[in-house]
Amino acid sequence: MADLAANQSGPGVVYLSDYTPPAYLIDQVDLHFDLDASATQVRTSLKVRRNPQNSQSNPALELDGDNLELLSLRLEGEPLDQSQYELGEDKLIIAPTESPLPEAFELIVETRINPAANTALEGLYDSGSMLCTQCEAQGFRRITYFPDRPDVMSRYTVTLVGDKSKYPVLLSNGNLVEAGETDDSRHWARWVDPSLKPSYLFALVAGQLVCQEDVYTTMSGREVVLRIYVEEENRHKCDHAMTSLKQAMRWDEETYGREYDLDIYMIVAVNDFNMGAMENKGLNIFNSSCVLASPETATDHDFYNIQSIVAHEYFHNWSGNRVTCRDWFQLSLKEGFTVFRDQEFSADLNSRAVKRIDDVNILRTHQFAQDAGPMAHPVRPDRYMEISNFYTVTVYNKGAEVVHMIMNLVGREGFRKGTDLYFARHDGQAVTIEDFVRAMEEANHIDLAQFMRWYNQAGTPVLKVDEEYDEQAQTYTLHIEQSCPPTPGQTEKAPFHIPLAVGLLDMQGDDLLLQLAGENAPGEARTRVLSITEARQSFTFTGVNHRPVASLGRGFSAPVKIQTGYDDEQLAFLFAHDSDEFNRWDAGQKLAMNILLRLIEQFQQKKPLILDDTFIHAFRKTLLNPRLDKALIAQALSLPSEGYIADQCEVVDVEAIFEVRHFMRQTLAFELKDEWLQIYEANSSDNPYAFSAEEMARRSLRNLCLGYLLETEEQAMFDRAMQQFSRANNMTDTLAALSMLANYAIPERHQALEDFYQKWQHDQQVVEKWLAIQAGSRLPRTLRHVKKLMQHEAFSIKNPNKVRALIGRFCAGNPINFHAADGSGYQFLGDQVLELDSLNPQIAARLVQSLSRWKRYDEKRQGLMKQQLERILDKEELSKDVYEIASKSLE
Ligand code: B3K
Ligand code: ZN
């Protein structure tokens, strides 16, 4: 048969509604790797059998393949000749013409691959001194021909053969059962994974690695060996990840009753990696920046992140690996749920309120923006061109919020009953979001049919709330109207089921006991969760003797926008008194936002800018309040980011936002200078570094003060920053000072950056920070500087971390420079996307998203951004990753 023509009509679209069960299942996979950096040979034996769930008669066996050289094919030991299969660009179809395929058979496939040429970092690739894999979502097909879809779950045996000196360590999933040497100075290892797994969880690592080892005793008393593999120079950076892993294992036992199942759990740190980490069964592979830490080289933020990512990947062992997704549309089944699990873990181990604020900040700045742009999609999308583009804040973070809402509706105990049922019922299966929700419904005897809309409708719902106080009847009514703006492909939305947590504050700022009209029993709660299910709904509280101030959406009970029309005074009141820590912070943010938006108007009308005294006063009171958690003070006194302010404007005025925010910071700097200084000094410490909530809180408040102090641009403050930079005993304080100094055109800036590089040039994780700080500088010549840094020995376009640090940071984290009016930032992005597209499409596609919301800008910028999108689309052989984002952006 002739070869199939590849992808005739450009990238195709895959639809959820087209799902059909696979025609064949693979019970057993035996892989044999002959490892070599540029020519690895893979022999795969598949034990294939007809799938009873698929009713087709005599179906062909369809195997996926990408960038493979096919060497041989044997069916039940017999070589297949070319008349018995079709070999296409991305498929191998076994369809013997003379006789149908047997009910069960063995297929042996031999392929050759070139890891060294694999710059996309999907499949098997070369990273420094090691070979490693990344298979989710569709990388396994770049290793061998296989039905590369998550509903085909198999048992794997893997034999790795390689050069002893180049690849002294040979790892794969499961347990090591045998190892030995060959007669030609090579050696081999055989790994058997007793669990059923989809191909995306396959992994191998071969390289010169050392490991840190520990032992964990599970709740049933089994011993599990824990190993973190790193390159020799990073041996001292494993302690924190190891501690985090043990914390996660204990937490999952205590919180969900989930125990680890294999005898060994391995983590490997890799320098070239497209994302944060990967939950391969028993063999997690981590981006080195998400696992390695020491006090001298990692910040509080890094420590915090590592703790949560290590936990996230570990939690996947149940939510993702043992119970996996039927198809990639169900991605949030494992990702939304697992993010929710890691958020709760971090909240339990650190400060719950700070964690909630961090998570909501991410959601509001990134996910709300995605929901409002051309890439908006539901938590469960119904179509995609390239699945890699759907590892998004919507699937992950909004997906976690949806799970969080289920917990708000059924309570913590009910939620645990639901997860127990889900894990028991579906262990070893590939399932759907419906299966998860059904378990919650059945365990709690509730109906979540309307709630399912959260999974299927895109867009951020808006709640418009009007209040009505009846003094005579002593009632207070909330009139709530919900709506959701149209998103691509979804113009009309049906009402969502929204849990809205509400409290009412009396004149002293204390919470009232809440009594809803029609309820007989006296109210006992001070926070009530209202179930909003209709487009318009009213809730009346009785026994309210004064007009209260309502605190709405406490704890961010639903991922919605709440419009109240509160004035500055009401917001300042909530900012001072709300008993809900999240809403207290939120009121401060809303107050700051109202003021910023008014000042932006003033600026645009060329009127003088004046910052209101009440705001300065509210800031002072918060800063000096000894009863408040320091971390919360730091959060409360941070102004909304430029990006988030931009999202609240009808047309984004890049310069106005920048200038006004800067004006506000500078005014606060001068007005509260003594207070900033006082708190800065009061929070200094010579203690050795500790990763504890208290110490992190202290450092975050102190560094917030330093940030404001520098805005005075007084030499004494620059001296203070330099002092902190050179004397700090930890990376958090050093880096805070350095990143602030990088924003001022002063001699200290140059000196600090220079000293820093001299000191840390050997350390990849620190060099990434050094690049990012420079790319994020607000100074006017930053783009020129970024281009220069691209020539620096520290940079490599092939390394995703370096690209993210320098190019990604400039394009997605430096609005004033990226959106320069002359279009130079856009042109730069266009250049980089075109180059990266051929090297690493996933990284290129991430980058191009900085152009996708072009319609939000002024006409001139719109034109310049569009021009780059069109230029990108003109590239020949554009990857489908970039094509999907760029073409949707222009629709
Ligand atoms: N599951 C991986 C992400 C895979 C991304 C593939 N493009 C990490 C995680 O979410 O845990
Ligand atoms: Zn995940």
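The values are calculated or read from the model by the stated rules, or taken from the named source; none is laboratory data. Since this is a predicted model, take the numbers as computed values, not measurements. Every residue, glycine as well, gets a Cβ built from its backbone with ideal geometry; the counts of neighbours run over all protein chains shown. Surface areas here come from the heavy atoms of the whole protein model, side chains and all, with no ligands, DNA or RNA. Shrake-Rupley method; radii C 1.70, N 1.55, O 1.52, S 1.80 Å.
Of the residues making up the range 243-280, those that are over 30 Å from Lys417 (Cα atoms) and either touching a residue at least 40 places away in the same chain (Cβ under 8 Å) or more than 16 Å from ligand 1 (Cβ to nearest atom) (or both) number 10. Hey, any hits in the range 348-357 for a residue that's within 15 Å of ligand 2 (Cβ to nearest atom) and either at pLDDT 95 or above or among the small types (Gly, Ala, Ser) (or both)? The answer is no, given that none of the residues of the range 348-357 is within 15 Å of ligand 2 (Cβ to nearest atom) and either at pLDDT 95 or above or among the small types (Gly, Ala, Ser) (or both).
The set of residues from the range 18-33 being touching a strand residue (DSSP E or B) at 6+ places or on another chain (Cβ under 6 Å) and surrounded by fewer than 17 Cβ atoms within 10 Å (Cβ to Cβ) comprises Asp27, Gln28. Applying the set (1) among the β-branched types (Val, Ile, Thr); (2) open to solvent by less than 20 Å² (accessible area, probe 1.4 Å); (3) more than 24 Å from Thr392 (Cβ to Cβ) to Ile885 leaves exactly one unmet item: (3). None of Lys606, Lys621 is open to solvent by 60 Å² or more (accessible area, probe 1.4 Å) and either in contact with a strand residue (DSSP E or B) (Cβ under 9 Å, 6 or more places away or on another chain) or outside any loop (DSSP other than H, G, I, E, B) (or both) except Lys621. Just one of (1) in contact (Cβ under 8 Å) with a residue 40 or more places away in the chain; (2) under 15 Å from the mean Cα position of the chain (by Cα); (3) within 9 Å of ligand 1 (Cβ to nearest atom) fails for His316. It is (1).
Only strands (runs of 3 or more DSSP E) whose full extent lies in the range 45-135 are considered here, and the ones with at least 1 residues that are among the charged types (D, E, K, R) and on the phi < 0 side of the Ramachandran plot are 61-64, 69-75, 85-87, 91-94, 104-113, 123-127. Checking the stated criteria, Glu471 turns out not to satisfy the condition of being acidic (Asp, Glu) and closer than 25 Å to Arg453 by Cβ. Residues in the range 488-534 that are within 30 Å of Tyr455 (Cα to Cα) and outside any loop (DSSP other than H, G, I, E, B): Gln490, Ile498, Pro499, Leu500, Ala501, Val502, Gly503, Arg528, Val529, Leu530, Ser531, Ile532.
Within the range 791-799, the presence of a residue that is surrounded by 18 or more Cβ atoms within 10 Å (Cβ to Cβ) and in a helix (DSSP H, G or I) is excluded.
Here is the figure for the range 851-862: residues that are of a type outside the set (Lys, Arg) and open to solvent by 30 Å² or more (accessible area, probe 1.4 Å) total 4. Among the helices (runs of 4 or more DSSP H) confined to the range 675-788, the ones with at least 2 residues that are closer than 28 Å to Phe828 by Cα are located at 731-741, 747-760, 764-775. Checking each residue in the range 330-342 for being open to solvent by less than 10 Å² (accessible area, probe 1.4 Å), of a type outside the set (Lys, Arg) and within 10 Å of ligand 1 (Cβ to nearest atom) picks out Leu331, Glu335, Thr338. Is there a residue in the range 349-359 that is in contact with a Phe, Trp or Tyr (Cβ under 7 Å, 6 or more places away or on another chain), of a type outside the set (S, T, N, Q) and either within 16 Å of ligand 1 (Cβ to nearest atom) or open to solvent by 20 Å² or more (accessible area, probe 1.4 Å) (or both)? Yes, that holds for at least one residue. So, Glu468, is that one farther than 23 Å from Asp327 by Cβ, among the acidic types (Asp, Glu) and open to solvent by 10 Å² or more (accessible area, probe 1.4 Å) or not? Yes; evaluated as a whole, the condition is true for this residue. When the range 478-487 is filtered for residues that are surrounded by 17 or more Cβ atoms within 10 Å (Cβ to Cβ), touching a residue at least 40 places away in the same chain (Cβ under 8 Å) and within 18 Å of Tyr455 (Cα to Cα), the ones remaining, listed by number, are Gln482, Thr487.
Any chance the range 169-180 includes a residue that's under 17 Å from Val270 (Cα atoms), within 16 Å of ligand 1 (Cβ to nearest atom) and open to solvent by less than 10 Å² (accessible area, probe 1.4 Å)? Yes: one or more hits.
Residue by residue, here is whether (1) away from ligand 2 (no atom under 12 Å from the Cβ); (2) crowded, with 24+ Cβ neighbours inside 10 Å holds:
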position: Tyr260; (1), (2): yes, no
position: Met266; (1), (2): yes, no
position: Ser294; (1), (2): yes, no
position: Thr297; (1), (2): yes, no
position: Asp302; (1), (2): yes, no
position: Asn305; (1), (2): yes, no
position: Tyr314; (1), (2): no, yes
position: Arg322; (1), (2): yes, no
position: Cys325; (1), (2): no, no
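Do we have any residue at all in the range 209-223 that's surrounded by 21 or more Cβ atoms within 10 Å (Cβ to Cβ), modelled with pLDDT of 95 or more and away from ligand 2 (no atom under 16 Å from the Cβ)? Within the range 209-223, one or more residues are surrounded by 21 or more Cβ atoms within 10 Å (Cβ to Cβ), modelled with pLDDT of 95 or more and away from ligand 2 (no atom under 16 Å from the Cβ). For the residues Asp327, Asp300, the requirement of being touching a residue at least 12 places away in the same chain (Cβ under 8 Å), farther than 27 Å from Val354 by Cα, of a type in the set (Asp, Glu) and more than 10 Å from ligand 1 (Cβ to nearest atom) singles out Asp327.
Highlighted here are the strands (runs of 3 or more DSSP E) found entirely within the range 215-319 that include at least 1 residues which are of a type in the set (S, T, N, Q): 283-287.
In the range 373-391, the residues that are within 15 Å of ligand 1 (Cβ to nearest atom) reach residues that are of a type in the set (Val, Ile, Thr) and open to solvent by less than 10 Å² (accessible area, probe 1.4 Å) with C-beta atoms within less than 8 angstrom, at least six apart or across chains, in these pairs: Val379/Thr394; Val379/Val395; Val379/Val402; Pro381/Val395; Asn389/Ile885.
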